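Enquirer: Below: one structure in structure tokens.
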Amino acid sequence: MPLQLYNSLTRRKELFEPLIPGYVRMYVCGPTVYSHSHVGHAKSYVSFDVLVRYFRFIGNKVLYVQNITDVGHLLDDGEDRMLKQSRLEHQHPMQIAEAIARSYFEDMDALGLVRPDISPRATGHVLEQIAIVQSLLEKEFAYEVNGSVYFDVRTFKEYGRLSGRTLEEAVGGTRVESRSEKRYPEDFALWKRAEPEHIMRWPSPWGEGFPGWHVECSAMSMKYLGETFDIHGGGLDNQFPHHECEIAQSVCATGKPFARFWLHNNLVTVNGQKMSKSLGNFVTLKDLFTKYDPIVVRFFILQSHYRSTLDFSEQALDGARSGFERLQNAVQNLRAALARAEQEGRKGGSHCDAVAYDRQIRDALDDDLNAPQAIGALFELSKEMNALLASGSSVSLESLRSVDNVYRKYGQDVLGIVPEVPGSSRSENLENKLMDLLTTMRNEARKQKNFQISDRIRDGLKELGVTLEDRKEGTVWKKE
RNA sequence: GGCGCCGUACCCAAGUGGUAAGGGAGAGGUCUGCAAAACCUUUAUGCGGCGGUUCGAAUCCGCCCGGCGCCUCCA
């Protein structure tokens, strides 16, 4: 089954093929860098990370662009959120932007995300934004008032297609007082006049000012991906107005189609309510990572579909952690068995049909990136292998290798929930050597029934946060 | 008020016409000097409620109840 993706533009799953065969051009709305990332950001970026990984896995080259918004994102009262934060922290806005951008990458790296190929900043692309605004003015899709430029939404008949609303509806339901400067309440700012106290300002044909929020994404996506590209992604809460406005200004500026596929991830909820900064119910990733391993958070996120809401709770996270550990154990068991089989040069043995699971996982991912279903299949495979290994039957080298291959391909490369080396008992360092020494001594003591010594070793290690487990295959240790 | 989404076991969560994936928790078991872990088995005659369409519905249609999102900054 070829890859199908749900396109918000058409409201249905569509066969996805890049415009240029074998080359996917993709843009995802990145963070506004004024405060640390929370679980909601993680859901969005983890989802698109899996998409990028999957595109590459099935043989495409991908150019993945994700912006960093460091100007123009306004609050209700018209204040730039970057400037507000800078005022609160007594720092230059670019200081905030730099610190938060670093924090963002730190968090995303921890979650195992593949970095975007290009991470352009809005402040670095003011010229490109001005060029779009100028083009829109020339073509009379926009108008200037007192040093600000607005997009005239009535000139674009497709306005509202993405979000499924018509101008009449929108204006009827608008709860915001219309800005007197605008010709029409739904018109949106392309360029804003900077008041004297406004620090972030650039010269423009209309005087000193700063770009509107939406236009940066049009400028940066088209600069690096071309006027028409394959995929534009982002959070569902950006569908309107942000993405609607992007489409309007891009299509009108170039006269060409903009993004072909629009993908929207759903939101993280807490007790059924959206996790957001304004509600104050958000959990920053940095806080979360003190309690949960980032890869557990990633696993938790991927256990629900990207287009479903994900309800956040400690109980759910704890459940994910246990499930994650179960999968790691299964992979460890399998690899230990594989190592033994390779050592003995095993010929023959019982069979496990990894191909069926491979197929199942491929089908799940091809169907609008159904990661939870793919994970379900990985667990079923694990259960079958565990049972086979526990029964004591010797599994054929070929089967063991093909199962390991499924873990590597999907668990590791595509989903990123199986580390290169699961668990902590394998790498070669002093810690490992010391632990080997201690566990060997302890097992010798146990053989001699000197349990005073053996328990003293185990209890002592426990106090240091190291747990020993005596398994059939030998003793393994884990750090808390 | 307009547009849209969701309601599946104690918790999280797939499934969108063919007779309920998966994970956690609980229960039972294997292993074991003890402990812990690991592993196995097991757990929804039913998918918010009521009608309808169909040989057949969690899945389609209608109504109702409950919750949420967007319409204003948010991934």
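The values are calculated or read from the model by the stated rules, or taken from the named source; none is laboratory data. Everything quoted here is computed from the prediction, not taken from an experiment. FYI the Cβ positions are ideal-geometry reconstructions off the backbone, even for glycines, and counts take in every protein chain you see. To get the accessible areas, we keep the full protein, side chains included, count just its heavy atoms, and leave off ligands, DNA and RNA. Shrake-Rupley method; radii C 1.70, N 1.55, O 1.52, S 1.80 Å.
Enquirer: Looking at segment A:260-278, can you tell me whether even one residue there is open to solvent by 10 Å² or more (accessible area, probe 1.4 Å), more than 10 Å from RNA strand B (Cβ to nearest atom), modelled with pLDDT of 95 or more and more than 27 Å from A:Gln4 (Cα to Cα)?
Expert: Taking every residue of segment A:260-278 in turn, none turns out to be open to solvent by 10 Å² or more (accessible area, probe 1.4 Å), more than 10 Å from RNA strand B (Cβ to nearest atom), modelled with pLDDT of 95 or more and more than 27 Å from A:Gln4 (Cα to Cα).
Enquirer: Please name all residue pairs, on different chains or six or more residues apart, with Cβ atoms under 7 Å, provided the first residue is in segment A:312-336 and is assigned by TED's automatic domain parsing to the domain that holds A:Ala390 and within 8 Å of RNA strand B (Cβ to nearest atom) and the second residue is open to solvent by less than 40 Å² (accessible area, probe 1.4 Å) and of a type in the set (Asp, Glu).
Expert: Correct list of pairs: empty, since none qualify.
Enquirer: Assess whether A:Pro419 counts as being part of a loop (DSSP other than H, G, I, E, B), surrounded by fewer than 18 Cβ atoms within 10 Å (Cβ to Cβ) and touching a residue at least 40 places away in the same chain (Cβ under 8 Å). Talk me through it step by step, then tell me what you get.
Expert: Details: part of a loop (DSSP other than H, G, I, E, B): yes; surrounded by fewer than 18 Cβ atoms within 10 Å (Cβ to Cβ): yes; touching a residue at least 40 places away in the same chain (Cβ under 8 Å): yes.
Yes.
Enquirer: Another question, then. Which residues, counting only those in segment A:428-443, are open to solvent by less than 100 Å² (accessible area, probe 1.4 Å) and not aliphatic (A, V, I, L, M)?
Expert: A:Asn429, A:Glu431, A:Asn432, A:Asp436, A:Thr439, A:Thr440, A:Arg442, A:Asn443
Enquirer: Next question, about the same structure. Looking only at segment A:371-401, which residues are open to solvent by less than 30 Å² (accessible area, probe 1.4 Å), touching a residue at least 40 places away in the same chain (Cβ under 8 Å) and within 22 Å of the chain's Cα centre (by Cα)?
Expert: If the condition is that a residue be open to solvent by less than 30 Å² (accessible area, probe 1.4 Å), touching a residue at least 40 places away in the same chain (Cβ under 8 Å) and within 22 Å of the chain's Cα centre (by Cα), then A:Ala371, A:Ala374, A:Ile375, A:Leu378 are the ones that fit.
Enquirer: Something else now. Pairs please, first residue from segment A:350-362 and in the same structural domain as A:Ala337 (by TED's automatic domain parsing), second anywhere and hydrophobic (A, V, I, L, M, F, W, C) and in a loop (DSSP other than H, G, I, E, B), Cβ atoms under 8 Å, 6+ apart in sequence or on different chains.
Expert: Every condition considered, the pairs that remain are A:Arg362/A:Met1.
Enquirer: Given the structure, is A:Lys61 more than 14 Å from RNA strand B (Cβ to nearest atom) and either under 16 Å from the mean Cα position of the chain (by Cα) or surrounded by fewer than 20 Cβ atoms within 10 Å (Cβ to Cβ) (or both)?
Expert: Spelling it out, A:Lys61 is indeed more than 14 Å from RNA strand B (Cβ to nearest atom) and either under 16 Å from the mean Cα position of the chain (by Cα) or surrounded by fewer than 20 Cβ atoms within 10 Å (Cβ to Cβ) (or both).
Enquirer: Now a separate question. For segment A:41-50, does any single residue satisfy the condition of being in contact with a strand residue (DSSP E or B) (Cβ under 7 Å, 6 or more places away or on another chain), over 20 Å from A:Arg362 (Cα atoms) and modelled with pLDDT of 90 or more?
Expert: Looking through segment A:41-50, at least one residue is in contact with a strand residue (DSSP E or B) (Cβ under 7 Å, 6 or more places away or on another chain), over 20 Å from A:Arg362 (Cα atoms) and modelled with pLDDT of 90 or more.
Enquirer: A follow-up question, please. Select, from A:Leu434, A:Leu468, the only residue that is touching a helix residue (DSSP H, G or I) at 6+ places or on another chain (Cβ under 9 Å), of a type in the set (A, V, I, L, M), modelled with pLDDT of 80 or more and not in a loop (DSSP other than H, G, I, E, B).
Expert: Sole residue among the options that is touching a helix residue (DSSP H, G or I) at 6+ places or on another chain (Cβ under 9 Å), of a type in the set (A, V, I, L, M), modelled with pLDDT of 80 or more and not in a loop (DSSP other than H, G, I, E, B): A:Leu468.
Enquirer: Right, next: In this structure, is A:Arg12 under 22 Å from A:Glu244 (Cβ atoms), without any contact (Cβ under 8 Å) to a residue 60 or more places away in the chain and surrounded by fewer than 22 Cβ atoms within 10 Å (Cβ to Cβ)?
Expert: So A:Arg12 passes the test.
Enquirer: May I ask you to verify whether A:Arg81 is over 28 Å from A:Gly416 (Cβ atoms), open to solvent by 30 Å² or more (accessible area, probe 1.4 Å) and out of contact with any strand residue (DSSP E or B) (no Cβ under 7 Å at 6 or more places or on another chain)?
Expert: Here the answer is no, as A:Arg81 does not meet what is asked.
Enquirer: Within the set of pairs 6+ apart or on separate chains, which have a first residue in segment A:197-213 that is of a type in the set (Ser, Thr, Tyr), a second that is away from RNA strand B (no atom under 16 Å from the Cβ), and C-beta atoms under 6 Å apart?
Expert: Correct list of pairs: A:Ser204/A:Ile130.
Enquirer: Now a separate question. Confirm whether A:Gln412 is closer than 30 Å to A:Leu263 by Cβ and either of a type in the set (Asp, Glu) or open to solvent by 80 Å² or more (accessible area, probe 1.4 Å) (or both).
Expert: no
Enquirer: Shifting gears a bit: Consider A:Lys291 against the criteria (1) in contact (Cβ under 8 Å) with a residue 40 or more places away in the chain; (2) more than 7 Å from RNA strand B (Cβ to nearest atom): it satisfies all of them except one. Which criterion is unmet?
Expert: (1)
Enquirer: Quick one: A:Tyr407 ticks every box in (1) surrounded by 18 or more Cβ atoms within 10 Å (Cβ to Cβ); (2) under 33 Å from the mean Cα position of the chain (by Cα); (3) near RNA strand B (Cβ under 10 Å from one of its atoms) bar one, so which box is it?
Expert: If we test A:Tyr407 against (1) surrounded by 18 or more Cβ atoms within 10 Å (Cβ to Cβ); (2) under 33 Å from the mean Cα position of the chain (by Cα); (3) near RNA strand B (Cβ under 10 Å from one of its atoms), just (3) comes out false.
Enquirer: Residues of segment A:231-251 being under 15 Å from the mean Cα position of the chain (by Cα) and near RNA strand B (Cβ under 6 Å from one of its atoms), which ones?
Expert: A:Gly234, A:Gly235, A:Leu236
Table: residues versus (1) touching a helix residue (DSSP H, G or I) at 6+ places or on another chain (Cβ under 6 Å); (2) within 22 Å of A:Leu285 (Cα to Cα).
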position: A:Gly59; (1), (2): no, no
position: A:Asn67; (1), (2): yes, yes
position: A:Glu106; (1), (2): no, yes
position: A:Ile118; (1), (2): yes, no
